[in-house]
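Report on one structure; see the data block that follows.
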Amino acid sequence: MDFVKPDIQYFELSPLFVVFGAAVIGVVVEAFLPRERRHVVQTAIAGVAVVVALVLTVLVGRDLAEVGDGSARGILGAMGSIVVDGPSVYLWGLILVFSLAGVALFAERKVEAGVTVFAGSAAALPGSDYEREVSAKGMAHTEVYPLMMFAVGGMMLFPASGDLLTMFVALEVLSLPLYLLCGLARRRRLLSQEAALKYFLLGAFSSGFFLYGVALVYGYAGSMSLGDINDAVVNGSENRTLLLLGIAMLSVGLLFKVGAAPFQAWTPDVYQGAPTAVTAFMSAATKIAAFGAILRLFYVGFGANRWDWQPMMWIVAILTMLVGAVLAVVQSDVKRMLAYSSVAHTGFLLTGVLGVQASGDLADGQVTSLQAVLFYLTSYGFATVGSFALVSLVRDAGGEATAFDRWTGLGRRSPLVAGVFALFLFSMAGIPLTAGFVGKWAVFTVAMSAGAWPVVLAAIAASIISIYFYVRYVLLMFFTEPEGDPDDYASVTVPSLLTSVTIGVCAVATVVLGIVPGPFLDLAAQVGDFIR
């Protein structure tokens, strides 16, 4: 067999190279730089790398060449294993924007009296003398920055995968660092370690399902390339049992990552136990990457088999929305409430996946399924990152005050913080003049155009239920009178400039996307279709 020289498109893949390169440099810094200097250096490396990758992503997006009839733009890079097209570049941009917010939140030191929210030593036994000694010295894990950069690289590779093997590698690269990051909280160490263990064990099972699905689909199509799989489906290859079982197995792995029911059990525990900065980062970036992979897999690989997988998605979307909305009602912890809210939003996004995927099948001016999902991911990302960033500021003597009753009267003590938090809640509830309203309108519209009206009815019911638990916090903060000792209630810690800017940008984006959504919907439309 002759050796075939690989053809690598260095410019088009440069955002990935920058992110992975920064992760490797971060590991080297951990090995050789003194501990007291690592925090500033690691923050700078991560921040600069994300900004450079974001600029390169914009340049790559501008230079993408048209493919075929002009409805799609892009190239097949790295011998077809990585697809750099309009949707990939848009998702890269989103992931990098929220990764930059993640770097800012990771670097926050003021809320913890000069130290970060991350543990001084993850190996220290909670409550031991060694843990107290490490905390007294103000030590912190600066390894979180290279771990984050590896996760970001995996998230960027995941929706750009051109074959199932690359998709699996990307899934593991983004998941393994997140398992570690979830167990590094400085306070409530046992809760954090429990969250990491649950996430790891359930994630390992879901990865096993995904890999088994890869084997079954390969047995059906004789190839792992999504384009070849689509050709096999179109040509009606024999043994469709392998295909259907493979789709089911692959779906388990992907639906776990987005927290869809019945695979949502990890979400509230992980969101509550992980450091809030990690929760903010992963709640937005992981969902963006996973939904990008879902769209590519089902639209490119299994697009011709739509009538087989669509009924499954109907059931999962309805179940996810109702489970998330109903269970969020009974939560007494703000992070768990936002976690079940995230589950409900996963159902809303799956509603958009059920819409018409190709622009050629719609009348002029109508929104495609891809366009609706991309806009929803944008609006949801800003609201959820801003919400968790604000949660990290509400504290008492024991650290973060996430219990429901601790927020009583917060609007009287800190009206600005409570008002911005209310804005994010209203957006997630889908109140008009917020980004969430436009996002829900978009996904509901595309689902109705595809005839999925039962799913839309369930989505409307879930939205009505969700208004209750969102408004309940607004009533608690602004219209409930505190009783007893004022020290029994939480207050707001003044954040650093980095966290303040993050919250401000998220708030402005939430308002702008709600009032002037046209340019952003047009941007989502201009990315074109997936290329095969």
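Give the residue that is surrounded by the most Cβ atoms within 10 Å (Cβ to Cβ), with candidates limited to residues of segment 187-214 that are hydrophobic (A, V, I, L, M, F, W, C) and over 16 Å from Ala265 (Cα atoms). Across segment 187-214, the extreme among qualifying residues is Phe210.
Okay, residues lined up against (1) modelled with pLDDT of 95 or more; (2) more than 22 Å from Leu178 (Cβ to Cβ); (3) basic (Lys, Arg):
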residue	(1), (2), (3)
Leu54	yes, no, no
Glu66	no, yes, no
Leu100	yes, no, no
Thr116	no, no, no
Asp129	no, yes, no
Arg132	no, yes, yes
Val144	no, no, no
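Scanning segment 391-413 for residues that are modelled with pLDDT under 90 and in a loop (DSSP other than H, G, I, E, B) yields a count of 6. Of the helices (runs of 4 or more DSSP H) lying entirely inside segment 226-287, the ones with 2 or more residues being more than 30 Å from Thr142 (Cβ to Cβ) and among the acidic types (Asp, Glu) are found at 226-234.
Per-residue answers, yes or no, for (1) of a type in the set (Lys, Arg); (2) closer than 19 Å to Val373 by Cβ; (3) surrounded by fewer than 21 Cβ atoms within 10 Å (Cβ to Cβ):
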{"residue": "Pro268", "(1), (2), (3)": "no, no, no"}
{"residue": "Gln272", "(1), (2), (3)": "no, no, no"}
{"residue": "Leu295", "(1), (2), (3)": "no, yes, no"}
{"residue": "Tyr299", "(1), (2), (3)": "no, yes, no"}
{"residue": "Trp307", "(1), (2), (3)": "no, no, yes"}
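Filtering segment 364-390 to residues that are within 28 Å of Ala317 (Cα to Cα) and touching a strand residue (DSSP E or B) at 6+ places or on another chain (Cβ under 9 Å) leaves nothing. Note on segment 433-532: enclosed helices (runs of 4 or more DSSP H) holding 3 or more residues that are surrounded by 14 or more Cβ atoms within 10 Å (Cβ to Cβ) and not aliphatic (A, V, I, L, M) are 435-449, 453-479, 497-515.
Just so you know, in segment 414-431 the residues that are more than 26 Å from the chain's Cα centre (by Cα) and assigned to a helix (DSSP H, G or I) include one that is farthest from Leu349 (Cα to Cα), and it is Pro415.
When Ser223 is tested against (1) over 25 Å from the mean Cα position of the chain (by Cα); (2) in a helix (DSSP H, G or I); (3) within 26 Å of Asp529 (Cβ to Cβ), only condition (2) is not met. Against the test of being at pLDDT 95 or above, buried (at least 16 other Cβ atoms within 10 Å of the Cβ) and on the phi < 0 side of the Ramachandran plot, the options Val385, Val417, Val356 yield a single qualifying residue, Val385. Here is a check on your reading of the model: is Gly213 part of a helix (DSSP H, G or I), out of contact with any Pro (no Cβ under 8 Å at 6 or more places or on another chain) and either at pLDDT 95 or above or under 24 Å from Trp314 (Cα atoms) (or both)? Yes: the conditions hold for Gly213. Residues in segment 326-348 that are touching a residue at least 24 places away in the same chain (Cβ under 8 Å) and not in a helix (DSSP H, G or I): Gln331, Ser332, Asp333. For segment 119-173, the candidate set comprises residues that are aromatic (Phe, Trp, Tyr) and touching a residue at least 12 places away in the same chain (Cβ under 8 Å); within that set, the residue that is nearest to Gly102 (Cα to Cα) is Tyr145.
Within segment 228-249, at least one residue is surrounded by fewer than 24 Cβ atoms within 10 Å (Cβ to Cβ), closer than 20 Å to Leu201 by Cβ and either in contact with a Pro (Cβ under 8 Å, 6 or more places away or on another chain) or in contact (Cβ under 8 Å) with a residue 40 or more places away in the chain (or both). Those helices (runs of 4 or more DSSP H) of segment 79-183 in which at least 2 residues are surrounded by fewer than 24 Cβ atoms within 10 Å (Cβ to Cβ), more than 15 Å from the chain's Cα centre (by Cα) and among the acidic types (Asp, Glu), considering only elements entirely within it, cover 129-136.
Can you say whether Pro519 is farther than 21 Å from Tyr340 by Cβ and touching a residue at least 40 places away in the same chain (Cβ under 8 Å), as far as the supplied structure shows? So that I can check it myself, show each step before the final result.
Numbers: farther than 21 Å from Tyr340 by Cβ: yes; touching a residue at least 40 places away in the same chain (Cβ under 8 Å): no.
When the stated conditions are applied, Pro519 does not pass them.
For segment 234-264, name all the residues that are within 25 Å of Met79 (Cβ to Cβ) and at pLDDT below 90. Those that are within 25 Å of Met79 (Cβ to Cβ) and at pLDDT below 90: Val234, Asn235, Ser237. Against the list (1) within 20 Å of Met156 (Cα to Cα); (2) outside any loop (DSSP other than H, G, I, E, B), the condition Val41 fails is (1).
The values are calculated or read from the model by the stated rules, or taken from the named source; none is laboratory data. All figures in this text were calculated on a predicted structure; none of them were measured in a lab. Neighbour counts are summed over all protein chains in view; Cβ atoms, including those assigned to glycine, are modelled from backbone coordinates with ideal geometry.
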